[in-house]
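Asks: Handing you a structure now.
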Amino acid sequence: MSGRAVRTIGVLTPGHPAVLDDTEAEPGPGQAWVTTEYSGVSAGTEVALVRGTDPHHRLHWDPDVRSFSRGPVAGYPVTNLGYMEVGLVTESRADGLAEGTRVAMAYGHRTGRCADPASMHVIPVPGDLDPLLGVYLAQMGPICVNGLLHATAQFAGPGGGVGDGVRDRHVLVTGAGVIGLLSAVLAVRHGAADVVVEDPSPQRRAVAETLGLATVDADGAWEAVKQRWRHGPGDAGADLVLQCRGHDSALATGLKALRPQGVVVDLGFYQGGAEAVRLGEEFHHNGLSVVCAQISRVPRGMAADWSRPALAAVTLDLLRERGDDVRRHVVTDVVPFDDGPALLADLAGRRLPSPPLQAVLRF
């Protein structure tokens, strides 16, 4: 295949990530070449692909009816992992995208990318932001902002703003990974009455506490939340749960922690079943709601106001206010690009005694 040679991290077969040789198109009119500086590791999504537990590799996905069923499945090798990239424009044939501009994009752990602003999100990284924090601008931060928008859609309707789903509400965040921590800090910033972060890991709860967040152990979390937020007879618990772990036990905890007619906004990526979830219990008897918030779409009726750049702008505001804390406490590991496959293999094999909270590859 003709084009410009790049190196990328992919997965040859389940359990075997590697640095691969690949190609990118040469920049044409209206396009630019981005040379990668940093790429964040999204442990949940990428580890699923390394392990082979992503549902697209077990079941056939029909994009027309948007359902999984029997049929051909996605195969290996997977030649592109990741969605948290920052790079410099080193060649440009695109108006408004000058050489030397730093941008955030979502194109995987690749040494470079042909960027076409007409067909992909190219988010400028301003000079007053630590370049490494730009890994959150194109997709990871917007994932969290989109979670708040889904809460807005549930509580205030499609005409509401990003904070209208959390303002003056009691919010439980299940999971103190990157998505959980950023979502919790966003909820605080946008006026939540109280925010508590639940996680089974003492180390991750400690990180949440350094960010000024109240925490609770996963063991007994729902009872603690019900005691903390008592609104009246027969009415105790969280108004909203931002569910940010890919474990059915976290969703079960979230449902038990809600007050009657409360809402779970689910940002988790589940790789298995949900045996811990009992829909005949609190979900049924308290009239609860569960809504899935994924970055491929904002809530119905809000797309005109909430493009990806708009979601990135909310993320940028957060990083300008709390970026030093995020860089110091959330970004735990910065490793060379060539060490990326070993890191992913160790994560997938659960071989690290203290897994990174946020690992970033340095190019």
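Asks: Would you mind calculating the gained length between residue 118 and residue 64 on full extension (0.36 nm times residue separation, minus the Cα-Cα distance), in nm to one decimal?
Replies: Extending this stretch completely gives an extra 17.0 nm.
Asks: Taking the Cα of residue 231, stepping 7 Å toward and past its beta carbon, and measuring to each backbone N in the stretch 185-211: which are under 13 Å?
Replies: Taking a point 7 Å out along Cα→Cβ of residue 231, the residues of the stretch 185-211 whose backbone N falls under 13 Å are 193-194.
Asks: Rounding to the nearest 10 and keeping the result within 0 to 90°, find how far the Cα-based axis of helix 248-257 lies from the longest principal axis of the chain.
Replies: On a 0 to 90 degree scale, this one is about 40.
Asks: Where the only charges are on Cβ atoms (+1 Lys, Arg; -1 Asp, Glu), what is the dipole of the stretch 213-317 about its Cα centre, to the nearest 20 debye? Walk me through the intermediate numbers first.
Replies: Numbers: 10 positive and 12 negative charges, 44 e Å.
About 220 debye.
Asks: Two decimals, Cα atoms only, Kirkwood Rh: what is Rg/Rh over the stretch 65-192?
Replies: My calculation of the ratio gives 1.05.
Asks: If you don't mind, another one. Quick one: pull the percent of accessible area on the chain belonging to carbon and sulfur, 1.4 Å probe, ligands and nucleic acids left out.
Replies: Values: 7850 of 15900 Å².
So the carbon and sulfur contribution to the accessible surface is 49 percent.
Asks: Still on this model: Per q in 0.16, 0.19 Å⁻¹, report the Debye log10 I(q)/I(0) for the stretch 1-61, using one uniform scatterer on each alpha carbon and no solvent.
Replies: -0.73, -0.89
Asks: For the residue pair residue 193 and residue 324, what label-to-label distance in nm results when each label sits 7 Å from Cα along the Cα-to-beta-carbon direction?
Replies: Modelled inter-label distance: 3.3 nm.
Asks: Right, next: Would you tally the net charge around residue 204, using a Cβ to Cβ cut-off of less than 13 Å, leaving residue 204 out, and scoring K and R as +1, D and E as -1?
Replies: Counting the neighbours of residue 204, the net charge comes to -2.
Asks: Can you pull the Rg over Rh of the chain, Cα-only, Kirkwood?
Replies: Details: Rg = 20.6 Å, Rh = 21.3 Å.
Here the Rg-to-Rh quotient is 0.97.
Asks: Jot down the radius of gyration and Dmax of the stretch 88-151, Cα atoms only, both in angstrom.
Replies: 12.8, 41
Asks: If you don't mind, another one. Counting just the Cα atoms, what span does the stretch 233-329 cover along each of its three principal axes? Round to the nearest Å and put the largest first.
Replies: 42, 36, 35
Asks: Specify the angular offset, from 0 to 90 degrees and rounded to the nearest 10, of the alpha carbon long axis of helix 308-325 from the longest principal axis of the alpha carbons in the chain.
Replies: Long axis of 308-325 versus the principal axis of the chain: about 80 degrees.
Asks: Find the accessible area per residue for the chain; the probe is 1.4 Å, ligands and nucleic acids are left out, and the unit is Å². Show your work: numbers first, answer last.
Replies: Details: 15900 Å² over 363 residues.
Ligands and nucleic acids excluded, the result is 44 Å² per residue.
Asks: How are the C-alpha pair distances of the stretch 14-130 spread across 10 Å bins, as whole percents from the shortest bin up?
Replies: Spelled out bin by bin, the stretch 14-130 gives 13, 35, 29, 19, 3, 0 percent.
Asks: Please tell me the relative contact order of the stretch 144-209 in percent, rounded to the nearest whole number, where contacts are Cα pairs under 8 Å and at least six residues apart. Spell out each step's value before the answer.
Replies: Numbers: 108 pairs, mean separation 19.8, N = 66.
About 30 percent, as a whole number.
Asks: Moving on to the next point. In debye, nearest 20, what is the charge dipole magnitude of the chain about its Cα centre with +1 on Lys and Arg Cβ and -1 on Asp and Glu Cβ, if you could check?
Replies: Magnitude of the dipole: close to 440 debye.
Asks: With a 1.4 Å probe and all protein chains in place, put 244, 144 in order of accessible area, largest first.
Replies: Numbers: 244 25, 144 0 Å².
Largest accessible area first, the residues go 244, 144.
Asks: Next question, about the same structure. Suppose we keep just the DSSP beta bridges with both residues in the stretch 213-359; what percent of those would be antiparallel, to 5?
Replies: Counting only bridges with both partners in the stretch 213-359, antiparallel ones make up about 15 percent.
Asks: For the modelled label position 7 Å from the Cα of residue 296 along Cα-to-Cβ, which residues of the stretch 142-167 have backbone nitrogen atoms closer than 18 Å?
Replies: Under cut-off, by backbone N: 142-144, 146-147, 150.
Asks: Residue 352 label point, 7 Å along Cα→Cβ, cut-off 16 Å on backbone N: hits in the stretch 10-53?
Replies: 17-18, 39-51
Asks: Just for the chain, what percent of DSSP beta bridges are antiparallel, to the closest 5?
Replies: Values: 37 of 64 bridges.
Of those bridges, close to 60 percent are antiparallel.
Asks: For the stretch 95-196, what is the relative contact order in percent, using Cα pairs closer than 8 Å and at least 6 residues apart in sequence? Don't skip to the answer; put the middle values down first.
Replies: Working: 126 pairs, mean separation 20.4, N = 102.
Computed value for the stretch 95-196: 20 percent relative contact order.
Asks: Which ³J(HN,Hα) values in Hz, rounded to whole numbers, follow from the phi angles of the stretch 84-100 under the Karplus curve 6.51 cos²θ - 1.76 cosθ + 1.60, where θ = phi - 60° and Gly and Pro get x?
Replies: Once rounded to whole Hz, the list reads 9, 10, 10, x, 9, 6, 9, 9, 8, 10, 10, 4, x, 10, 6, 4, x.
Asks: In nm, to one decimal, how far is the residue 168 label point from the residue 79 one, both placed 7 Å along Cα→Cβ?
Replies: Here the answer is 5.4 nm between the modelled labels.
Asks: Follow-up question, since we're still on this one. For the stretch 200-302, with the dipole built from +1 on Lys and Arg beta-carbon atoms and -1 on Asp and Glu ones, taken about the Cα centre, which of 283, 200, 301 lies farthest toward the positive end?
Replies: Value computed over the given set: 301.
The values are calculated or read from the model by the stated rules, or taken from the named source; none is laboratory data. Just so you know, these numbers come straight off a predicted model, no measurement behind them. Cβ atoms come from the backbone with ideal geometry, glycine included; neighbour counts cover every protein chain shown. Each accessible area value is taken on the protein alone, full model and side chains, heavy atoms only, with ligands, DNA and RNA left out. Shrake-Rupley method; radii C 1.70, N 1.55, O 1.52, S 1.80 Å.
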